[in-house]
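What follows is a single structure, written as structure tokens, with notes after it.
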Amino acid sequence: MKKQKWVLLLAAMLTAFLLCGCSQYDDQYDDEAFLSDSANHYAAIQWWGNIQKDGSYALKVGSFSGVKTLGSFTVEEDQTLCEVQSTLTGTKGEAKLLVLNTGDETLAAQWPLGSQDPMSVTLPAGKYDLRIAGKSAGLEGQVSLSLNGEVVSWNDLLEAIQEKTEETAKADLQETFRRAADSLQQTFGDGQNAA
């Protein structure tokens, strides 16, 4: 009997994790403070990314919610033209590309995927992130970044992205399990009355 209860409890926790895991940040898709926070906050299923020979970053994602840095870059001089070329298309949900000024944590630009608007912005000198935000989004395609016509290489960005991702993934997973445990406790009680 106890073994069966544990199996049911684990199944319920896994279900709660999967249900809240991929859409837990959907309600913050338009929250500028959330999008410009210095950390990555996201949940994703089937995230695949690869640097292409032409310097672009190919991306295919089954489901994505939250905000994630694709790369960081430095603008050396004022009035630098930053252009983002994207063939990213949404297969479901909503997604947008963001340019974040990391110095003052403000959004310098944002463009929805598939936007007909030119994706360019003139930036002052400083440090920036190119980010993607999603709301139960599925997406695929490529994105590249150029400053004053020169393509920015993704190669030296991967270690920094991986480090940021690992830090926030642990915190996000802990929060997801805490929410699942709270939900289970509300549903089933604390288990002290079990036979």
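The values are calculated or read from the model by the stated rules, or taken from the named source; none is laboratory data. Just so you know, these numbers come straight off a predicted model, no measurement behind them. Backbone-built Cβ (ideal geometry, glycine too); neighbour counts: all protein chains shown. For the accessible areas, the whole protein counts, side chains as well, though only heavy atoms, and no ligand, DNA or RNA atoms are used. Shrake-Rupley method; radii C 1.70, N 1.55, O 1.52, S 1.80 Å.
Taking segment 94-112 as the range and being open to solvent by less than 60 Å² (accessible area, probe 1.4 Å) and either in a loop (DSSP other than H, G, I, E, B) or farther than 20 Å from D37 by Cα (or both) as the test, only T102 passes. Enumerate the pairs (first residue in segment 88-115 and under 19 Å from S65 (Cβ atoms); second residue anywhere and outside any strand (DSSP E or B) and among the polar types (S, T, N, Q)) with beta-carbon separation below 7 Å, excluding pairs fewer than 6 apart on the same chain, so at least 6 apart or on different chains. Pairs that qualify, where the first residue is under 19 Å from S65 (Cβ atoms) and the partner is outside any strand (DSSP E or B) and among the polar types (S, T, N, Q), are L100/S36; L107/S36. Confirm whether K127 is farther than 24 Å from W47 by Cα, touching a Ser or Thr at 6+ places or on another chain (Cβ under 7 Å), basic (K, R) and modelled with pLDDT of 75 or more. Against the criterion (farther than 24 Å from W47 by Cα, touching a Ser or Thr at 6+ places or on another chain (Cβ under 7 Å), basic (K, R) and modelled with pLDDT of 75 or more), K127 qualifies. Every condition in (1) assigned to a strand (DSSP E or B); (2) touching a residue at least 40 places away in the same chain (Cβ under 8 Å); (3) surrounded by fewer than 20 Cβ atoms within 10 Å (Cβ to Cβ) holds for W48 except the one numbered (2).
Looking across segment 153-162 at every residue that is surrounded by fewer than 18 Cβ atoms within 10 Å (Cβ to Cβ) and touching a strand residue (DSSP E or B) at 6+ places or on another chain (Cβ under 8 Å), the one that is modelled with the highest pLDDT is identified as N155.
Would you check which residues across segment 51-64 are exposed (fewer than 15 other Cβ atoms within 10 Å of the Cβ) and among the charged types (D, E, K, R) and list them? K53, D54, listed by residue number.
Close Cβ contacts (under 6 Å, 6 or more residues apart or on different chains) running from residues in segment 29-41 that are under 11 Å from L107 (Cβ atoms) to residues that are of a type in the set (D, E, K, R) and open to solvent by 60 Å² or more (accessible area, probe 1.4 Å) comprise S36/E105. Return yes when N40 is under 14 Å from the mean Cα position of the chain (by Cα) and of a type outside the set (G, A, S) and no when it is not. Criteria met by N40. Of everything listed in (1) modelled with pLDDT of 90 or more; (2) open to solvent by 30 Å² or more (accessible area, probe 1.4 Å), the single unmet condition for S115 is (1).
Residue check: D78 meets all listed conditions (1) modelled with pLDDT of 90 or more; (2) within 21 Å of Y25 (Cα to Cα); (3) of a type in the set (D, E) but one, namely (2). Is it the case that segment 5-12 has a residue that's modelled with pLDDT of 90 or more, out of contact with any Pro (no Cβ under 6 Å at 6 or more places or on another chain), surrounded by 15 or more Cβ atoms within 10 Å (Cβ to Cβ) and not polar (S, T, N, Q)? So far as segment 5-12 goes, no, none of its residues is modelled with pLDDT of 90 or more, out of contact with any Pro (no Cβ under 6 Å at 6 or more places or on another chain), surrounded by 15 or more Cβ atoms within 10 Å (Cβ to Cβ) and not polar (S, T, N, Q).
For K135, state whether it is buried (at least 18 other Cβ atoms within 10 Å of the Cβ), within 20 Å of the chain's Cα centre (by Cα) and at pLDDT 90 or above. Yes. For segment 65-86, a residue qualifies if it is of a type in the set (A, V, I, L, M) and open to solvent by 10 Å² or more (accessible area, probe 1.4 Å), and exactly one does: L81.
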